[in-house]
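Trainee: The structure follows.
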Amino acid sequence: MNILEIVRFALRGLTTNKLRTTLTTLGIAIGVASVIILIAVGNGSSKQIQASIDKLGTNTITINSTRGGFGRRAAAAGTSSKPLTVSDAVALSSPVNAPDIKQAAPITSASGTCTVGTSSTTPGTFYGTWPSWFEASNTTIQKGSYFTNDDVVQGRHVAIIGATTASDLFGTDNPIGQTMRCSGIPFTIIGLSSVKGTTGFSDGDSLVVAPLTAVQRSLTGYNNLSSIVVEAKSAKVQDLAQTEINTIMDAQHRIKNVNKRDYRTLNQASLLATSNSNSSVFTVLLGVVAAISLLVGGIGITNIMLVTVIERTREIGIRKAIGAPKAAILSQFLIEATILSLVGGGIGVIMGYIGSHFKIIGIQPIIVPSSVFLAFGVSVLIGLFFGGYPASRAASLRPIEALRYE
Amino acid sequence: MESTQPVIDVRGAVKRYGEGDASIFALAGVDLQINAGEYVAIMGPSGSGKSTLMNIIGALDIMTKGKYFLDGIEINSMDESALAVVRGRKIGFIFQSFNLIARTTAVANVELPMAYQGIKKDERRKRALKALEVVGLADRVNHEPTELSGGQQQRVAVARALATRPALLLADEPTGALDSKSTADLLDLFDQINAAGRTVVVITHEDDVAARAKRVVRMRDGTIISDTLNKGRVA
Ligand SMILES: Nc1ncnc2c1ncn2[C@@H]1O[C@H](COP(=O)(O)OP(=O)(O)O)[C@@H](O)[C@H]1O
Ligand SMILES: [Mg+2]
C-alpha cells in the first residue's frame, strides 16, 4: 500500500461526497476570508486616521490655558493663574530663547453665525489669529490671498473662509471680494482655503479665519486667547521645542511648581499616539469578531464532519474488516482533511484579497499579512483536528464495533 | 484421520453483552475446531449466537473469555497490523448486510482489499473484473451499490471476498437476499472453492444450503448442540 494509493483514496473520498466537501470548504473559506477582511478594515481605519492627523501638520504643538477649565488642574491653578496672552506668543517667537521654534500664532476662538443676505452658516471653526497660523496648521489657500501682518496691525476686517462656509453662503458664486456679517460684524472675504476634509465629526472646511486684532476688538475681547499654535522647525526637534515652550511659558506665567502650570501643551506626536492606540483597540475588537467568525466556521466544519461521522465510521469498519491497516486509514482521512482545509483556506485567502478591494463602511481595507497567515493556519488546524480526530477514533475501534456504530 | 493442526481452533468461547443483571451471553462456552479444506455449515435459530461466533472467527470481534487459535496462533497475541494482514489475506468475509462502500463502483469495491495488500493497479483490476464475472456481474462493474439489487450487492460482496483468494471463506447467511437461481450459482461457487482446497464456513438457516456442506454445526442459546458430518457429501 503506497502513499500515492492512499492519496488517491482520499481524493476519491472527497469527490464521492461532493456536498460534504463543498460545505466544509465553504465553511473554512468564509471563516478565513472574514478574518482577513475584518482585520484589514481595522488596519485601514487606523491608517486613515493617521493620514488625516498627518494633514493637520505634524510639527505643531498647541498650548491651551487651563484657566477656567474643568478638573483638578484648573482648581489647583486657582486664582493665581494667568490667561494666555499675545506677549506669550511673542516670547515664543523669539529666535534666541526658542531656537527650535519656527513660529507661534495666538488664536482667539469666536462663535456665532455668519450671514450674506438670506444665507447663513455657523462655522465650526472661527479663529482670529496671525498669518503664521496658516503654515503652522498646514492650511493653504486655493483662491485669493492670505491676510498679512499689516492686516493684523491695522485690525482690518478681512477673512479667509473654508469650502463649506463658502458654499453655505454663496453657493457656487465666487466669494472673493464679497462681504459677510459674522455676529453682525462685517468681514470682507479675501481667500478661500484648500479642502481639508472631515476628521471624525468635525468638518475642517467649515472655517472662518480673520486677523486676531479684528476678532478681538469686535467679538472676543483682548484678554481671551484660547490657544497658541507653535510650529517646531522639524518633527525631529519637537521635543526640544516642547522644552523651550515650557521654559518660556513658566517664566511668562511665573510658574514655580511645574505641577501647577496654568497651561497645557498638546503635540501632534502624542495625538498620533493616542489615536494609534485607539485604532489598535478597534483592530483588536475586529480581530475578536474575526476570531469568533473563524470559530463559527470551525463549528460549522465540525458539524458537517460529525453528521458524516456515522457514515464514515461504518466505512472505516468496512475498510478495517477487509484488511486496511490503521495507518492507511488514518493517512487517508488526514489527507482528506488536509486537502479540504488547504483548498478551503486558499479560497478564503483569495476571497479575502478580493473583498479587501472594496470600501467597507467608508473604510478602504488594508490587508495585514500576518492576519492572512493566522487565519490560514488556524483554519488548517481546525480542519485537521475535526477531520482527523473522529477518523482516528474510528480507526481504533474493532471492525465490528465500527460497523455497528450509530 | 487428520494429524494436522486445525485452521480454526476455538476453545471455551464466551461472549457477553452488557453488564450485571442486564447482561446476556451471546456465546456461553463454545469449542469448535475446523481443519483446512473443510466445508462447514453453522445452523441454528435466530439469536443463537451464529454471527457472534463468525465475527470472532473472522478476527472482527473479540471474546469475553476463551481462546482462539487461527492457524495455531492465538489471536489475542496479534497486534493491529498482524490482524489487518489476517483480515486482508487469510480471510474472505461475506457479511449478511453486504457492507459495500457507498457511492463507489462494484469494481472499486472488489479491488479495495487488494489495494490494501499492495497489489498493483492493473493486476487487481484484472482480478476484480474476473471475480465479478464469476459471480455473474460482468455487465454491472461500474454500478454503485444503490444502483444494484440486494442480490447483486451480495454478489459484489462475494466477489470482493473471492478476489483476494483467501484460504478461509466465511459467509454469514450469504443466500438470504438471493433468489433460488442465484443461490444455486453461489453454492456451486462455494463447492468449487472448497474443491480447490480452501476452507469454507457458511452460516445458514436453509436446509438445502446446509445440505451442500460436508459438516453441519447446530447452535442454540450460545452453545453448540450438535456437530455432525454430512453423510451424503463426505466421500
Ligand atoms: N452488539 C450487541 N449488543 C448486545 N447484544 C447483542 C449484540 N450483538 C448481538 N447481540 C445478542 O447476542 C445474541 C446472539 O446474536 P447473533 O450472534 O447475532 O445471533 P444469530 O446470528 O445467531 O442470529 C442475540 O441475543 C443478540 O441479541
Ligand atoms: Mg446473524
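Trainee: Inspect region B:38-60 for any residue being open to solvent by less than 20 Å² (accessible area, probe 1.4 Å), away from ligand 1 (no atom under 15 Å from the Cβ) and without any contact (Cβ under 8 Å) to a residue 40 or more places away in the chain and give the result as yes or no.
Mentor: Yes, there is a match, as at least one residue in region B:38-60 is open to solvent by less than 20 Å² (accessible area, probe 1.4 Å), away from ligand 1 (no atom under 15 Å from the Cβ) and without any contact (Cβ under 8 Å) to a residue 40 or more places away in the chain.
Trainee: Go through region A:245-266 and give me each residue that's in contact with a strand residue (DSSP E or B) (Cβ under 6 Å, 6 or more places away or on another chain) and either open to solvent by 30 Å² or more (accessible area, probe 1.4 Å) or over 30 Å from A:SER111 (Cβ atoms) (or both).
Mentor: Scanning region A:245-266 gives A:ARG264, A:THR265, A:LEU266.
Trainee: Regarding region B:119-137, can at least one residue be identified that is assigned to a loop (DSSP other than H, G, I, E, B), facing chain A (nearest Cβ under 10 Å) and open to solvent by less than 40 Å² (accessible area, probe 1.4 Å)?
Mentor: yes
Trainee: Can you give me the ranges of the helices (runs of 4 or more DSSP H) entirely in region A:1-91 with at least 2 residues that are modelled with pLDDT under 80?
Mentor: A:18-56, A:72-77
Trainee: Hey, another quick one. Looking at region B:195-216, which of the residues that are open to solvent by 20 Å² or more (accessible area, probe 1.4 Å) and within 13 Å of B:ALA41 (Cα to Cα) is farthest from ligand 2 (Cβ to nearest atom)?
Mentor: B:LYS214
Trainee: Here is a list: B:GLN153, B:GLN192. Which entry is within 14 Å of chain A (Cβ to nearest Cβ), under 17 Å from the mean Cα position of the chain (by Cα) and either more than 16 Å from ligand 2 (Cβ to nearest atom) or modelled with pLDDT of 95 or more (or both)?
Mentor: Checking each option against the conditions leaves just B:GLN153.
Trainee: Test B:ALA171 against the stated conditions and say whether it is modelled with pLDDT of 95 or more, within 16 Å of ligand 2 (Cβ to nearest atom) and of a type outside the set (Asp, Glu).
Mentor: yes
Trainee: Look through region B:1-55, keep the residues that are within 14 Å of another protein chain (Cβ to nearest Cβ), assigned to a strand (DSSP E or B) and in contact with a helix residue (DSSP H, G or I) (Cβ under 8 Å, 6 or more places away or on another chain), and return whichever of them is nearest to ligand 2 (Cβ to nearest atom).
Mentor: Applying the filter and picking the extreme gives B:ALA26.
Trainee: Answer with yes or no whether B:PHE95 is within 16 Å of ligand 1 (Cβ to nearest atom), open to solvent by 10 Å² or more (accessible area, probe 1.4 Å) and either under 14 Å from the mean Cα position of the chain (by Cα) or within 14 Å of chain A (Cβ to nearest Cβ) (or both).
Mentor: Answer is yes for this residue.
Trainee: Please verify whether region A:359-380 includes one or more residues that are buried (at least 17 other Cβ atoms within 10 Å of the Cβ) and touching a Pro at 6+ places or on another chain (Cβ under 7 Å).
Mentor: So far as region A:359-380 goes, no, none of its residues is buried (at least 17 other Cβ atoms within 10 Å of the Cβ) and touching a Pro at 6+ places or on another chain (Cβ under 7 Å).
Trainee: If only one of A:VAL209, A:VAL153 is at pLDDT 90 or above and either assigned to a helix (DSSP H, G or I) or open to solvent by 20 Å² or more (accessible area, probe 1.4 Å) (or both), which one is it?
Mentor: Result: A:VAL153 is the single residue among A:VAL209, A:VAL153 that is at pLDDT 90 or above and either assigned to a helix (DSSP H, G or I) or open to solvent by 20 Å² or more (accessible area, probe 1.4 Å) (or both).
The values are calculated or read from the model by the stated rules, or taken from the named source; none is laboratory data. No experiment lies behind these values; they were computed from the predicted model shown. Cβ coordinates were reconstructed from backbone atoms using ideal geometry, including for glycine residues, and neighbour counts include every protein chain displayed. Please note that ligands, DNA and RNA were not included when accessible areas were found on the heavy atoms of the full protein model with its side chains. Shrake-Rupley method; radii C 1.70, N 1.55, O 1.52, S 1.80 Å.
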